[in-house]
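A short write-up of the structure that comes next.
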Amino acid sequence: MKFEHDNMVGVRLAVSLVNLEASGSWRAEALQQVLERHAIRRARVTGSAGEEIREWSRRLRPVFEAVSQDERCETVNALLADGAGRVYLTTHDGLRPHLHFAPDGKDVQSRVRAVTAGGLAIFAMEAEGRRLGVCALDSCRKAFADTSRNGRRAYCGARCANTDAVRRHRMKQG
Ligand SMILES: [Zn+2]
Ligand SMILES: [Zn+2]
């Protein structure tokens, strides 16, 4: 399975927003950086946009925490219902044809809702409902999208996997 970059923007942005929300350091500048890092165009956050995106980010987390395929589909469908508009193909900025879920002229919060809802839907479909999760280390619980070959990731990264391995090893000895 190959996860095309153009289709991954929404998923990667969703991961970053969920983790920024959970980090306790949600600030306008941090949000601004996340949007720019994920190549969201016209990403200037003004007025109520920041708070609206924060509320939306709280709604993204259950997609990663879902424990069954049905639950995951339901959570994504609720996001699509509230966040996605007319779907169309575009080739802006020389990119390969990819789907957009909101008109280009919409405000940044609407486009963030649309790209994350749509991106999660496409990813869930391609990954057969799997490969989205939260870190198995209780003290972490960061969201992740697993694009690894075997798709069996349980931790957000190597550091948490090691921490948990050490902890389990100690428990066995203790
Ligand atoms: Zn695009
Ligand atoms: Zn972790």
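Taken together, the values in this text are just the output of simple stated rules run on the coordinates, not laboratory data. Worth saying up front: this structure is predicted, and the values here are computed from it rather than measured. So basically every Cβ, Gly included, is an ideal-geometry build from the backbone, and we count neighbours across all protein chains shown.
How big is the chain along each principal axis, measuring the range of its Cα positions in Å and listing the largest first?
60, 35, 30 Å, listed from the longest principal axis down.
Taking 0.36 nm per residue of sequence separation and subtracting the Cα-Cα distance, how much length would be gained by fully extending the chain between GLU51 and VAL87, in nm to one decimal?
10.4 nm
When the Kirkwood radius is taken over all Cα pairs of region 1-88, what Stokes-Einstein diffusion coefficient follows at 10 °C and 1.306 mPa s, in µm²/s?
113
Mind putting together the pair-distance distribution for region 70-140? All Cα pairs, 5 Å bins, whole percent per bin, short to long.
With a bin width of 5 Å, the distribution comes to 3, 16, 21, 21, 17, 12, 6, 3, 1.
Which residues among region 88-113 fall inside the zone where the amide N is under 12 Å from a point 7 Å beyond the Cα of ARG44, along Cα→Cβ?
108
Tell me, what is the percent relative contact order of region 5-173, built from C-alpha pairs under 8 Å that lie six or more residues apart?
Averaging sequence separation for qualifying contacts and normalising by length gives 24 percent for region 5-173.
When the helix-only estimate is applied to the chain (DSSP H runs of n ≥ 4, each -39,500 (n - 2.57), divided by the residue count), what is the mean residue ellipticity at 222 nm, nearest 500 deg cm²/dmol?
Working: 6 runs with 95 residues, N = 174.
When only DSSP H runs of four or more count, the value is -18000 deg cm²/dmol.
Can you sort GLU55, GLU126 by how many other beta carbons sit within 10 Å, fewest first?
Lowest count first: GLU55, GLU126.
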